[in-house]
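The values are calculated or read from the model by the stated rules, or taken from the named source; none is laboratory data. Remember, predicted model here, so these are calculated numbers, not experimental data. Methodologically, a virtual Cβ is constructed for each residue, glycine included, from the backbone with ideal geometry; neighbour enumeration extends over all protein chains shown. To get the accessible areas, we keep the full protein, side chains included, count just its heavy atoms, and leave off ligands, DNA and RNA. Shrake-Rupley method; radii C 1.70, N 1.55, O 1.52, S 1.80 Å.
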Amino acid sequence: MSEALLFVHGDDDFGIDQALAAFAAGVDGVERTDITPERSPDEAAIDRARLESATVGMFGAHLVVLHQPILAAGRSNAANDKLLALVAELPDGAALALAELRPSRDTGKPPALLQRIIEAVVAHGGAVEERATPRRNQLQGWVRAQAEAIGVAIEPRAAALLAERIGGAVWESDIERGQQTRVADGELRKLATYAGARAISPADVEALVTDTRPASVFAITNAIDRREPAAAAAAIERAIGEGQPVLRILAALEGRIADLIVVRDMSASGATPQELTRRVGRGNARMAERIAESARRYSGAELEGMLRGLFEADLSIKANEMEEEPALVAWLGEYLLATRPTRG
């Protein structure tokens with residue numbers, strides 16, 4: 001069996017690159033061929049990986065890296081079989097790495113093929129690594145560990161501020177975290193050059209690191225739930241700045257406020273927690289309880305006015321009466337930020 005076989009997967013792009021570099025060093029991969037599928041399925045990419053992995057390097061191992069193997073296999077049974085055969089029939093002396101970068105929002109929903117690849121790699125004596133990007137409040141620890149690994153001194157408060165500025169405290173599950181560690185590593189190296197022989201300070205981070213916290217539609221609706229207008233406005237601003245479609249934001253707001261109205265009406269009618277769970281919790285009792293708690297922060301008239309305003313904004317956009325962003329900002333100012341009498 002060949003030990004020169006690796007399957008690395010997860011949502012940490014920088015971590016996957018690190019794993020590939022370490023694997024290449026371990027197998028003395030002087031020559032390296034990277035293969036990325038151009039479509040899904042892409043049997044040609046798998047065939048090429050099979051051909052290249054059978055090629056012996058002149059001065060060391062010839063490392064073949066097949067990126068996005070699950071994309072290459074797609075939903076084709078034939079391509080799936082080819083991919084698994086590539087692993088199972090890897091010749092002795094070959095060096096093969098499969099690297100699967102997955103979106104952060106999908107990490108909790110692994111495709112069936114992922115487990116089949118893991119089993120095939122393990123059966124052939126290969127190694128499997130998962131590289132997951134740090135979640136909420138874990139990035140600070142990663143920053144400090146990475147600083148130590150590359151020989152950079154950083155004050156604890158500076159590490160915390162750096163992590164915060166690139167999204168380490170954002171907890172919503174719909175954000176993409178795949179580049180956070182790469183950004184953190186780049187910022188660390190830049191700050192180290194600036195600080196010179198001394199430790200990186202919070203003032204250095206303030207001066208050199210731009211706030212790049214990722215946008216989240218969930219952050220907007222969560223701020224609505226908590227009745228925090230300033231947080232909702234900031235989340236909307238980040239989402240628009242990052243290019244989130246305004247109509248998607250409007251749809252998310254309409255859906256949440258409609259749920260709050262339904263919960264108020266059902267609660268007033270004496271609905272049971274089980275009924276609320278089925279209707280607005282989508283089967284999740286904790287979600288239904290949270291929405292019910294949020295609904296109590298608003299009057300019925302306030303919620304109806306907010307929903308009516310969203311429909312009007314949506315119509316004005318689709319009728320070309322207003323541009324998308326001004327329509328959303330106008331709704332935000334009228335229904336969240338302004339202190340005004342509630343519409344009846």
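If we only count helices (runs of 4 or more DSSP H) wholly inside segment 242-326, which ones have 1 or more residues that are small (Gly, Ala, Ser) and over 18 Å from LEU337 (Cα atoms)? Spell out how you get there, then give the answer.
Values: elements: 246-268, 273-279, 285-295, 300-318.
Where helices (runs of 4 or more DSSP H) fall fully within segment 242-326 and carry at least 1 residues being small (Gly, Ala, Ser) and over 18 Å from LEU337 (Cα atoms), they are 246-268, 285-295, 300-318.
All of (1) farther than 27 Å from GLY186 by Cβ; (2) small (Gly, Ala, Ser); (3) open to solvent by 10 Å² or more (accessible area, probe 1.4 Å) hold for ALA223 with one exception: (3).
Any idea how many residues of segment 91-122 are farther than 20 Å from ASN77 by Cα, at pLDDT 85 or above and out of contact with any strand residue (DSSP E or B) (no Cβ under 9 Å at 6 or more places or on another chain)? Total meeting the criteria: 2. Does segment 305-314 contain at least one residue that is exposed (fewer than 15 other Cβ atoms within 10 Å of the Cβ) and among the aliphatic types (A, V, I, L, M)? Among the residues of segment 305-314, not one is exposed (fewer than 15 other Cβ atoms within 10 Å of the Cβ) and among the aliphatic types (A, V, I, L, M), which makes the answer no.
Residues of segment 113-141 that are over 20 Å from the mean Cα position of the chain (by Cα) and in a helix (DSSP H, G or I): LEU113, GLN115, ARG116, ILE117, ILE118, GLU119, ALA120, VAL121, VAL122, ALA123. Restricting to segment 142-164, and then to whatever is open to solvent by 20 Å² or more (accessible area, probe 1.4 Å) and within 19 Å of the chain's Cα centre (by Cα), can you tell me which residue is farthest from LEU6 (Cα to Cα)? Looking at the filtered set, the residue picked out is GLU164. Do the conditions hold for GLU3, that is, is it surrounded by fewer than 21 Cβ atoms within 10 Å (Cβ to Cβ), at pLDDT below 90, touching a strand residue (DSSP E or B) at 6+ places or on another chain (Cβ under 9 Å) and over 20 Å from GLU119 (Cβ atoms)? Considered against the rule, which asks whether it is surrounded by fewer than 21 Cβ atoms within 10 Å (Cβ to Cβ), at pLDDT below 90, touching a strand residue (DSSP E or B) at 6+ places or on another chain (Cβ under 9 Å) and over 20 Å from GLU119 (Cβ atoms), GLU3 comes out as no. Return the pair list, or none, for Cβ contacts closer than 6 Å from residues in segment 186-211 that are at negative phi to residues that are acidic (Asp, Glu) and open to solvent by 50 Å² or more (accessible area, probe 1.4 Å), at least 6 apart or on different chains. Correct list of pairs: ALA199/GLU155; SER201/GLU155. For segment 155-212, a residue qualifies if it is part of a helix (DSSP H, G or I) and among the hydroxyl-bearing types (Ser, Thr, Tyr), and the qualifying residues are THR181, THR193, TYR194.
Taking residues in segment 230-241 that are within 17 Å of ALA330 (Cβ to Cβ), and partners anywhere that are assigned to a helix (DSSP H, G or I) and not hydrophobic (A, V, I, L, M, F, W, C), the pairs with Cβ atoms closer than 7 Å and at least 6 places apart or on different chains are ILE240/GLU325. Answer yes or no as to whether ASP12 is open to solvent by less than 20 Å² (accessible area, probe 1.4 Å), within 24 Å of the chain's Cα centre (by Cα) and over 20 Å from VAL121 (Cα atoms). Spelling it out, ASP12 is indeed open to solvent by less than 20 Å² (accessible area, probe 1.4 Å), within 24 Å of the chain's Cα centre (by Cα) and over 20 Å from VAL121 (Cα atoms).
For first residues located in segment 131-159 and on the phi > 0 side of the Ramachandran plot, partners that are at pLDDT 95 or above and lie 6+ apart or on another chain with Cβ distances below 8 Å do not occur. Close Cβ contacts (under 7 Å, 6 or more residues apart or on different chains) running from residues in segment 26-39 that are over 12 Å from THR55 (Cα atoms) and in contact (Cβ under 8 Å) with a residue 40 or more places away in the chain to residues that are open to solvent by less than 90 Å² (accessible area, probe 1.4 Å) and outside any loop (DSSP other than H, G, I, E, B) comprise VAL27/LEU63; VAL27/ALA95; GLY29/LEU63; GLY29/ALA95.
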